[in-house]
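Before any comments, here is the structure.
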Amino acid sequence: MAHPGNEALFDVIVQAVQEQVHTRPGHGWLDHVRGRLFTENGGSLYYEFVATSTRGGLVEAGTPECRGPAQLLLYQRAQEQLLTEAAERAEDLLARRGTPGELGLLKNCRDAFGHIYGAQENYAVPIAQGWRLAGWRCAVLAAVPFALVAGLVHWILVAVTLALCVPVGIVGVVAVVVEVMLGLAQDEGWATRALDRGVDAMVRLESAVMGLVLLPCTLILGAGVRLFAFRGVRRTVLPFLASRCIVSGAGSQREDGTWALSEKADAIRRLARWSLGPDDRGWLEIGHLIKPMGGLAWGDWRAVVRLLEVGQRLQLGLSDANRCDVAEYLKVGTTALVLDMAEAGVIDDLPRLARPIQAMQALSSDPSLLAEVALTDGTRASALQLQRWYLERARGWLETGVASLEAHHLLRLWARTLDALERDREELVGQIDWITKRELVARAGGDDPDAQKKIDLRYHELGRRGYHQWLADAGLVTRLVSDDEACAAKRRAPEGTPARQRGALVRALSETGTNAQITWDRVRVGGALRGRVIQLDRHRDKP
């Protein structure tokens, strides 16, 4: 039986999600095409369309905004539980519709063919200060005229596409009818295949044209990021980010049998990408700073204005899809703590990497944790040494002021984990993903590369068929969030965040059937002329 296509599978998953929780469709300049859905806890589901194929695409799940690592871990697990149950329901729905088969969702960043995708992290930090902030704002304003031209081209392409739809559609219907009459429509006949190829060619052409038209805008903002954005963070936290894979890495077995601690490290090409191309992967992502320009075609000028604000999202393209609670908690918690220290200026004197990209990939490629990388002061350090520098500086910093109990707990867990990495890594099975997965492959994979890769991938599968879930059911995984807590979080937004108001509105609008336009930043209830716009950041609770 033919594969129904990922977009069709996403539609069934959405239906299954809607049977569990209250939802409302998203409304952004891309959401109407790619199908974003907001849930009553303030999070979202989204079909990440792959422009090179009409059948390709991924389920992109976004957690609601959170204020700390424990809160984020809770909502990560709530999201996983929601998607696990949705996949099981969707499988039953497909079977009843005559498309039986197994439907699985893998929370990972690398497939069996080496394609890279997946996890990203977002942290709220100042984008710049002083003259660098002025420089960034000048770059944003300089890109606006090019974005307006791109918007005009977009509408021209839409008009041309609509003009072609009618004759192409008529020809396609006639061809399919002829196929049926002649008995040629087994599976997919020549007319269906031709239409498929035609649509695919149109998608590719439009994507290529828009990429070319947006190129000046992308280059201007890319240069703005390189010259002005997040300079303090980039200068002081890169050694931490390069070495945190020993704690946060999900692990991936390469085709040659060697291991990478981080699934995505091999694909990182530069510190910040220059374009939105799929192969131009940056350690720091800039797509979220460029995409608002595309909204000008739809009259969404607010997103561009927000680019001028001091507070922006620092988006890390180098991230891993963790299944272990301890790894996820440490990844987010230590990163947020180090970013706070960078903003406070307490790590300005720490050594820096001489060649950051090469250092990050060297550390990720060393499961022995013995590799050392060059620093700008002429010395060398291992990943464990780099992590301990930041740990000790964090201890001293927290002792100078009032710190939360969670911060002290985080430091103790961080220290215990680094000690175990140095002493006996088997203690971290069920806590650190790359160690857990590697142990599983070593014990069950034998010498068969195919069996080893299957374990590598199935470790990440959500639900009863996933190998990590098998370990959890056997009591071999350290749990920081219970199933009951995750179940409650599926329907309750995190307090003290914009998600609180968004989630409440999604629930109320869903119960009443009221149409609304929902985005991450605002909700419009009613029409364009007489509707009410609620800016969600105005409803953020004070910490």
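What are the residues in region 370-385 that are among the charged types (D, E, K, R) and either more than 21 Å from residue 247 (Cβ to Cβ) or not assigned by TED's automatic domain parsing to the domain that holds residue 422 (or both), if any?
The answer is 377, and nothing else.
Just checking, does region 4-23 include any residue being more than 16 Å from the chain's Cα centre (by Cα), within 25 Å of residue 494 (Cα to Cα) and either at pLDDT below 90 or basic (Lys, Arg) (or both)?
The answer is no, given that none of the residues of region 4-23 is more than 16 Å from the chain's Cα centre (by Cα), within 25 Å of residue 494 (Cα to Cα) and either at pLDDT below 90 or basic (Lys, Arg) (or both).
Quick test of your reading of the structure: residue 28 fulfils all but one of (1) surrounded by fewer than 21 Cβ atoms within 10 Å (Cβ to Cβ); (2) at pLDDT below 85; (3) not basic (Lys, Arg). Name the failing condition by number.
Tallying (1) surrounded by fewer than 21 Cβ atoms within 10 Å (Cβ to Cβ); (2) at pLDDT below 85; (3) not basic (Lys, Arg), residue 28 fails exactly one: (1).
Just a yes or no: is a residue in region 126-140 outside any helix (DSSP H, G or I), in contact (Cβ under 8 Å) with a residue 40 or more places away in the chain and touching an Asp or Glu at 6+ places or on another chain (Cβ under 9 Å)?
yes
If you check every pair at least six apart or on different chains, which have Cβ atoms under 6 Å apart with a residue in region 234-261 that is touching a residue at least 24 places away in the same chain (Cβ under 8 Å) and farther than 17 Å from residue 284 by Cα first and a residue that is of a type in the set (Lys, Arg) and not in a helix (DSSP H, G or I) second?
252/110
Would you mind finding the one in 486, 528, 493, 451 that is more than 23 Å from the chain's Cα centre (by Cα) and either modelled with pLDDT of 90 or more or in a helix (DSSP H, G or I) (or both)?
Result: 451 is the single residue among 486, 528, 493, 451 that is more than 23 Å from the chain's Cα centre (by Cα) and either modelled with pLDDT of 90 or more or in a helix (DSSP H, G or I) (or both).
If you scan region 82-120, which residues turn out to be at positive phi and assigned by TED's automatic domain parsing to the domain that holds residue 37?
Residues satisfying the conditions are 98, 101.
Test of understanding: among 140, 149, 125, which residue is over 27 Å from residue 311 (Cα atoms), at pLDDT 80 or above and surrounded by 13 or more Cβ atoms within 10 Å (Cβ to Cβ)?
After ruling out the rest, the residue left standing is 149.
Would you mind finding the one in 119, 70, 90, 112 that is part of a helix (DSSP H, G or I), under 26 Å from residue 477 (Cα atoms), among the small types (Gly, Ala, Ser) and touching a residue at least 40 places away in the same chain (Cβ under 8 Å)?
70
In region 136-162, which residues are in contact with a Gly (Cβ under 9 Å, 6 or more places away or on another chain) and small (Gly, Ala, Ser)?
Once the filter is applied, which keeps residues that are in contact with a Gly (Cβ under 9 Å, 6 or more places away or on another chain) and small (Gly, Ala, Ser), region 136-162 yields 139, 142, 143, 147, 150, 151.
Among the residues of region 247-259, which ones are within 13 Å of residue 322 (Cβ to Cβ) and out of contact with any Lys or Arg (no Cβ under 6 Å at 6 or more places or on another chain)?
Matches in region 247-259: 247, 249, 250.
Within region 458-473, track down each residue that is buried (at least 19 other Cβ atoms within 10 Å of the Cβ) and assigned to a helix (DSSP H, G or I).
Within region 458-473, 467, 468, 469, 471 qualify.
Taking into account only those residues within region 310-330 that are assigned to a loop (DSSP other than H, G, I, E, B) and not acidic (Asp, Glu), which is farthest from residue 243 (Cα to Cα)?
The residue in question is 310.
If residue 443 passes every condition in (1) outside the structural domain of residue 82 (by TED's automatic domain parsing); (2) crowded, with 19+ Cβ neighbours inside 10 Å; (3) not in a loop (DSSP other than H, G, I, E, B) but one, which one does it miss?
With respect to (1) outside the structural domain of residue 82 (by TED's automatic domain parsing); (2) crowded, with 19+ Cβ neighbours inside 10 Å; (3) not in a loop (DSSP other than H, G, I, E, B), residue 443 is out only on (2).
Could you tell me which residue of region 279-308 is farthest from the chain's Cα centre (by Cα), considering only residues that are without any contact (Cβ under 8 Å) to a residue 60 or more places away in the chain and part of a loop (DSSP other than H, G, I, E, B)?
Residue satisfying both the conditions and the ranking: 299.
Out of the residues in region 91-110 meeting the condition of being within 27 Å of the chain's Cα centre (by Cα) and of a type in the set (Lys, Arg), tell me which one is farthest from residue 59 (Cα to Cα).
Ranking the qualifying residues of region 91-110, first place goes to 110.
State all residues of region 260-271 that are crowded, with 19+ Cβ neighbours inside 10 Å, at pLDDT below 95 and in contact with a Phe, Trp or Tyr (Cβ under 8 Å, 6 or more places away or on another chain); if no residue qualifies, say none.
Within region 260-271, 268 is the sole residue that qualifies.
If residue 389 passes every condition in (1) part of a helix (DSSP H, G or I); (2) on the phi > 0 side of the Ramachandran plot but one, which one does it miss?
Failing condition for residue 389: (2).
Hey, among 135, 118, 130, which residue is in contact with a strand residue (DSSP E or B) (Cβ under 9 Å, 6 or more places away or on another chain) and modelled with pLDDT of 80 or more?
Being in contact with a strand residue (DSSP E or B) (Cβ under 9 Å, 6 or more places away or on another chain) and modelled with pLDDT of 80 or more holds for just one of 135, 118, 130, which is 118.
Scanning region 53-100 for residues that are within 18 Å of residue 323 (Cβ to Cβ) and among the hydroxyl-bearing types (Ser, Thr, Tyr), which turns out surrounded by the most Cβ atoms within 10 Å (Cβ to Cβ)?
That would be 75.
Would you mind finding the one in 480, 476 that is surrounded by 12 or more Cβ atoms within 10 Å (Cβ to Cβ), within 23 Å of the chain's Cα centre (by Cα) and not in a helix (DSSP H, G or I)?
Step by step, each of 480, 476 is checked, and only 480 is surrounded by 12 or more Cβ atoms within 10 Å (Cβ to Cβ), within 23 Å of the chain's Cα centre (by Cα) and not in a helix (DSSP H, G or I).
Listed here are the residues, each with its yes/no results for (1) of a type in the set (A, V, I, L, M); (2) in contact with a Cys (Cβ under 7 Å, 6 or more places away or on another chain); (3) at pLDDT 95 or above.
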site: 402; (1), (2), (3): yes, no, no
site: 415; (1), (2), (3): yes, no, yes
site: 437; (1), (2), (3): no, no, yes
site: 443; (1), (2), (3): no, no, no
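Out of all the residues in region 411-427, which are touching a Leu at 6+ places or on another chain (Cβ under 7 Å) and either closer than 18 Å to residue 322 by Cβ or crowded, with 21+ Cβ neighbours inside 10 Å (or both)?
Passing the criteria: 413, 414, 417, 418, 420, 421.
The values are calculated or read from the model by the stated rules, or taken from the named source; none is laboratory data. Please read these numbers as outputs of a predicted model, since none were measured by experiment. In this analysis, Cβ positions are derived from the backbone assuming ideal geometry, glycine residues included, and neighbour counts consider all displayed protein chains.
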